[in-house]
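Okay, so here's the structure we're looking at.
Laboratory data are not the source of any read-out in this text; all were calculated from the coordinates shown. The structure presented is a predicted model; accordingly, all values stated were derived computationally and were not measured. We place every Cβ from the backbone using ideal geometry, glycine too, and count neighbours over all the protein chains shown.
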Amino acid sequence: MKLKDKVAVITGGGSGIGRAIALRFAAEGARIVIAELNEASGSETAELVRAHGAEGFAVTTDVGRSASVADMFRSIDERNWNPDILVNNAGNAGQGLTPTHEVTDEMWDSIIDVHLNGTFYCTREALRRMLPRGTGAIISLGSVAGLSGLPGAASYTAAKGAVIAFTKGVAQEAAPYGIRVNCIAPGWVETPILNSLPDAMRPMMTEMTPMKRIGTPDEIASVALFLAGDDSSFVTGQTISPNGGMYR
Ligand SMILES: NC(=O)c1ccc[n+]([C@@H]2O[C@H](COP(=O)([O-])OP(=O)(O)OC[C@H]3O[C@@H](n4cnc5c(N)ncnc54)[C@H](O)[C@@H]3O)[C@@H](O)[C@H]2O)c1
C-alpha cells in the first residue's frame, strides 16, 4: 500500500475527481478527510471510503471562507490526526461561460474565492501542521484553462493560472522542510462540473483533445496518487497535465 496510515484531506471530495481521489487513496491505506460544501455528497464519499475498509469522515466546509477552513482543520486536530496530504480540489464553473465584459464583481469573486482563495486558506492551514513534522505533500487542481486560457471563463482561467504560479512559489518555500507542492492541470474530464457548460461544447471538447475522448476521474486520481506518495519523492513545484494530448 502506497499511502498506509497517511492522513489525506481532500476538498470537494463529494463528487467527480475529488471522490475518485478519495477512493483511490483509501484503497492505498490512507485515512481520508472529505472537506465538502455539499453535506450529503461529502458524507456519501466518507461512507464509500469506510466501505473500502479505510477510516474517513466528512466535514461540511466552504473552502472559500477562511473561518470555515480553520474550523475544518480544527476538527482534524481534535481527532489527533496529522495531515500528511492535502488535495486542493474543490471547485465549480460558476455560471458557465460569460464574456469578460459581462462578468459581475460577484461572479468574479465567487470563482476566485473557491479556486484561488480556497487553495490558499487550505494550504496555509496544512503547512502550519506539516512544517513542524517536516513532511507533507500538497496537490492543487489547476486546469488546462490556466495553462492556455479558456475564452468566456476569465475568472476561472485567472484563478487556475494563479494556482499554478502559487504552486511554484510555495514549493520552493516548503522544499527545505520536506514538503512537496505540485499541481494537476487536467484537460476535459467527465464529471458533473461539465453540466455547467453549454451542451454545444461537448463535441468541441472531444474534437480539441487529440485522443478524441474526455478523461475519467480515475485517470486524474492516478496522477494524484503518484504526486501524493514516495514515487514522486524528487518532484516538487511541477504542474502535470493529464489532458489526452491537448497541450499547446
Ligand atoms: N472536470 C473537468 O473537466 C476539470 C478540468 C480541469 C480542472 N478541473 C478541476 O478539478 C476540480 C474538481 O472538479 P470536478 O470536475 O470533479 O467537479 P465536481 O463538480 O464533480 O466536483 C467539485 C466538488 O467541489 C465541491 N465544492 C464546490 N465549491 C466548494 C466550496 N466552496 N467548498 C468546498 N467544496 C466545494 C462541490 O460540491 C463538488 O462536490 C475543480 O477544481 C475543477 O476546476 C476539472
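When +1 charges are put on Lys and Arg Cβ atoms and -1 charges on Asp and Glu Cβ atoms, the dipole computed for the stretch 7-240 relative to its Cα centre reaches about 540 debye. Computed on the Cα atoms alone, the convex hull of the stretch 7-240 gives a volume of 117 cubic angstrom per residue. Rounded to the nearest 10 degrees, the inclination of helix 118-130 to the longest alpha-carbon principal axis of the chain is 20 degrees. In this structure the amide hydrogen of residue 56, modeled in the peptide plane, comes within under 5 Å of the amide hydrogens of 32, none closer than 5 places in sequence on its chain. Residues whose amide H falls under 5 Å from that of residue 189, counting only those 5 or more places apart or on a different chain, are 215, with hydrogens built in the peptide plane. Extension gain for residue 97 to residue 81 (0.36 nm times residue separation, less C-alpha to C-alpha distance): 1.8 nm. Each Cα pair under 8 Å and six or more residues apart adds its separation to the average, and for the stretch 7-240 the resulting relative contact order is 20 percent. With the helix formula -39500 (n - 2.57) applied to DSSP H stretches of n ≥ 4, the chain reaches a computed 222 nm mean residue ellipticity of -12500 deg cm²/dmol.
In a simple Cβ point-charge model (Lys, Arg +1; Asp, Glu -1; nothing else charged), the stretch 152-248 has a dipole of about 280 debye relative to its Cα centre. If I fit a long axis through the Cα atoms of helix 154-174 and take the longest principal axis of the Cα atoms of the chain, what angle between them do I get, 0 to 90°, rounded to 10? Computed tilt is about 30 degrees.
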